[in-house]
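Enquirer: This is the structure I have questions about; it appears just below.
The values are calculated or read from the model by the stated rules, or taken from the named source; none is laboratory data. Bear in mind that the values here come from a model prediction, so they are computed numbers and not experimental data. Cβ sites come from the backbone with ideal geometry, for glycine too, and all protein chains shown count toward neighbours.
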């Protein structure tokens, strides 16, 4: 089993945990922001979500897309798809070139 001091000295692992923490915090914030936008604008993605606001035909008016909600949703999607992969790749490349020197 690896010693804790030895794990803390590993640059790639520290970079991974740092970025994972940042991404988890941002994911929690953006999911809350998306929920806030959906509730304040009364815009929902499926009928089960808008059940508290109306039933039957009345609920259908809440099933729509909204520019503000979509902007927050796209922000989280694009961040997770691009940033995490590129950061981990760059740090692994940096650690790989330093170990071969």
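Enquirer: Against the definition (at pLDDT 70 or above, more than 25 Å from the chain's Cα centre (by Cα) and either within 19 Å of residue 33 (Cβ to Cβ) or surrounded by 10 or more Cβ atoms within 10 Å (Cβ to Cβ) (or both)), how does residue 95 come out, yes or no?
Expert: No.
Enquirer: Looking at (1) over 30 Å from residue 60 (Cβ atoms); (2) over 11 Å from the mean Cα position of the chain (by Cα), which is the one condition that is false for residue 25?
Expert: For residue 25, the exception is condition (2).
Each row is one residue, and each column tells you yes or no for (1) at pLDDT below 80; (2) under 25 Å from residue 93 (Cα atoms); (3) loosely packed, with under 12 Cβ neighbours inside 10 Å; (4) touching a helix residue (DSSP H, G or I) at 6+ places or on another chain (Cβ under 8 Å).
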| residue | (1), (2), (3), (4) |
| --- | --- |
| 4 | yes, yes, yes, no |
| 18 | no, yes, no, no |
| 21 | no, yes, yes, no |
| 27 | no, no, no, yes |
| 35 | no, no, no, no |
| 41 | no, no, no, yes |
| 46 | yes, no, yes, no |
